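Just below is one structure, and these are the notes that go with it.
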Amino acid sequence: MSEVGHHTVPVDAPRLDQYLAGLLSGQSRNRVQRLIADGHVRVNDGAARAGLRLRKGDRLSWELPPTTPSRLQAEAMDLRVLYEDDDLVVIDKPAGLVVHPGPGHATGTLVHGLLARGAGWSTIGGAERPGIVHRLDRDTSGLIVVARNDATHRALTRQLQQRLMTRRYRAIAVGEVADPAARIEAPIGRDVKHRQRMVVVAGGREAITEFIRLGVAGGHSLLQVSLTTGRTHQIRVHLAFIKHPVLGDPVYGHRSPLIGRPALHAETLTLRHPRTGKSMTWQAAPPEDFELAWNSLSVRTMR
């Protein structure tokens with residue numbers, strides 16, 4: 001059965017997709033945008049678009065189609081699981097592993113590996129994204145949490161929206177960053193000329209990144225980076241914006257002989273367990289390629 005809903009907007013709002021994602025608990029903005037594009041959302045009984053500015057008194061109606069059974073096949077993987085219970089799983093994702101299926105990645109994703117661990121994953125993200133609450137770029141290593149059920153998914157999504165989930169990264173940036181600590185506030189949107197890239201642009205979505213400089217070596221900087229928001233490629237875009245792109249980033253900087261991917265690792269994750277209410281923190285040390293790159297720069301400095 002489809003889920004049907006109606007709502008009258010109480011105050012002006014900037015974008016339909018953003019407003020509706022906040023209204024429909026547990027629905028990601030990406031899924032809301034797909035619902036709008038597929039004609040499942042109407043405004044004042046008319047067709048709608050994701051970027052429509054809402055006015056006080058606008059009438060929204062929507063139909064959430066039932067979840068389509070997944071056609072994905074389970075694939076056994078040697079995943080590094082740091083924590084698992086009946087509600088959630090925390091995984092230290094290796095660099096190179098795509099989180100969920102998409103163009104060019106029909107098999108071999110983290111989702112396929114999750115399915116091999118048995119049934120019982122949240123369905124809110126759709127048939128192609130069972131369990132996926134948030135994601136990491138393919139070449140970013142580190143911690144990711146996935147949901148075993150819809151209630152957990154909704155609770156974790158609220159923590160992300162309310163900025164109660166803490167995610168801290170380690171990055172090697174090109175150049176010697178002058179500030180020992182800084183906060184970058186610069187809106188991010190999709191590059192209209194190169195759709196696979198994101199850029200800092202007026203009118204983009206709010207994006208806030210904070211960092212602490214941990215060290216300088218060989219003309220590079222080791223940073224501890226914290227996300228207040230979670231935009232696509234946010235750390236990579238923001239560091240490139242301040243002229244210190246992530247080492248080895250082929251999209252926002254340059255490839256490097258020191259590491260075959262962007263030197264970015266999700267090292268710490270803190271959240272409140274949806275069932276127990278307990279604050280929980282996990283840590284994962286950077287992988288060998290990251291450590292070798294930084295140690296190489298440190299040796300170069302010593303010389």
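Looking across region 195-209, just one residue is in contact (Cβ under 8 Å) with a residue 24 or more places away in the chain, basic (Lys, Arg) and either surrounded by fewer than 17 Cβ atoms within 10 Å (Cβ to Cβ) or in contact with a helix residue (DSSP H, G or I) (Cβ under 7 Å, 6 or more places away or on another chain) (or both), and that is Arg197.
Have a look at Leu20, Leu16, Leu35 and point out the one that is at pLDDT 80 or above, over 13 Å from Glu63 (Cα atoms), touching a strand residue (DSSP E or B) at 6+ places or on another chain (Cβ under 9 Å) and buried (at least 18 other Cβ atoms within 10 Å of the Cβ).
Values: Leu20 fails: over 13 Å from Glu63 (Cα atoms); Leu35 fails: over 13 Å from Glu63 (Cα atoms).
Matching residue, one of Leu20, Leu16, Leu35: Leu16.
Yes/no matrix, rows are residues, columns are (1) closer than 30 Å to Val11 by Cα; (2) not in a loop (DSSP other than H, G, I, E, B):
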| site | (1), (2) |
| --- | --- |
| Arg49 | yes, no |
| Ala76 | no, no |
| Val90 | no, yes |
| Ala95 | no, no |
| Val99 | no, no |
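Please verify whether region 115-136 includes one or more residues that are in contact with a Phe, Trp or Tyr (Cβ under 7 Å, 6 or more places away or on another chain), surrounded by 17 or more Cβ atoms within 10 Å (Cβ to Cβ) and within 24 Å of Met77 (Cα to Cα). It would help to see each step written out before you state the result.
Keep residues of region 115-136 that are in contact with a Phe, Trp or Tyr (Cβ under 7 Å, 6 or more places away or on another chain), which gives 130-131.
If we keep only those that are surrounded by 17 or more Cβ atoms within 10 Å (Cβ to Cβ) too, we end up with 130-131.
If we keep only those that are within 24 Å of Met77 (Cα to Cα) too, we end up with 130-131.
Yes, some residue in region 115-136 is in contact with a Phe, Trp or Tyr (Cβ under 7 Å, 6 or more places away or on another chain), surrounded by 17 or more Cβ atoms within 10 Å (Cβ to Cβ) and within 24 Å of Met77 (Cα to Cα).
Looking across Leu222, Leu269, Leu227, one residue alone is of a type outside the set (Phe, Trp, Tyr) and at pLDDT below 95. It is Leu227. Might you let me know whether region 151-163 holds any residue that is among the hydrophobic types (A, V, I, L, M, F, W, C), at pLDDT 90 or above, more than 14 Å from Val133 (Cα to Cα) and surrounded by 14 or more Cβ atoms within 10 Å (Cβ to Cβ)? Taking every residue of region 151-163 in turn, none turns out to be among the hydrophobic types (A, V, I, L, M, F, W, C), at pLDDT 90 or above, more than 14 Å from Val133 (Cα to Cα) and surrounded by 14 or more Cβ atoms within 10 Å (Cβ to Cβ).
Is there any pair linking a residue in region 44-64 that is in the same structural domain as Val32 (by TED's automatic domain parsing) and closer than 11 Å to Leu16 by Cα to one that is among the hydroxyl-bearing types (Ser, Thr, Tyr) and surrounded by 13 or more Cβ atoms within 10 Å (Cβ to Cβ), with Cβ under 7 Å and at least six apart or on different chains, and which? Hits for this filter: Leu54/Tyr19.
Might you check whether a residue that is touching a Pro at 6+ places or on another chain (Cβ under 7 Å) and acidic (Asp, Glu) occurs anywhere in region 176-189? Give the derivation first.
First, pick out the residues of region 176-189 that are touching a Pro at 6+ places or on another chain (Cβ under 7 Å): none.
No, every residue in region 176-189 fails to be touching a Pro at 6+ places or on another chain (Cβ under 7 Å) and acidic (Asp, Glu).
When restricted to residues that are over 16 Å from Leu160 (Cα atoms) and more than 16 Å from the chain's Cα centre (by Cα), region 263-277 contains 3. Screening Arg231 on (1) part of a strand (DSSP E or B); (2) under 20 Å from Arg158 (Cα atoms) shows it passes everything except condition (1).
On the basis of being touching a helix residue (DSSP H, G or I) at 6+ places or on another chain (Cβ under 7 Å) and more than 18 Å from Thr157 (Cα to Cα), does Gly248 make the cut?
So Gly248 fails the test.
Kindly establish whether Gly118 is at positive phi and not hydroxyl-bearing (Ser, Thr, Tyr). It would help to see each step written out before you state the result.
Details: at positive phi: yes; not hydroxyl-bearing (Ser, Thr, Tyr): yes.
Yes; evaluated as a whole, the condition is true for this residue.
The values are calculated or read from the model by the stated rules, or taken from the named source; none is laboratory data. Model, not experiment: these values are computed from the prediction. Glycine also receives a Cβ, built like all others from the backbone with ideal geometry; neighbour counts cover every protein chain displayed.
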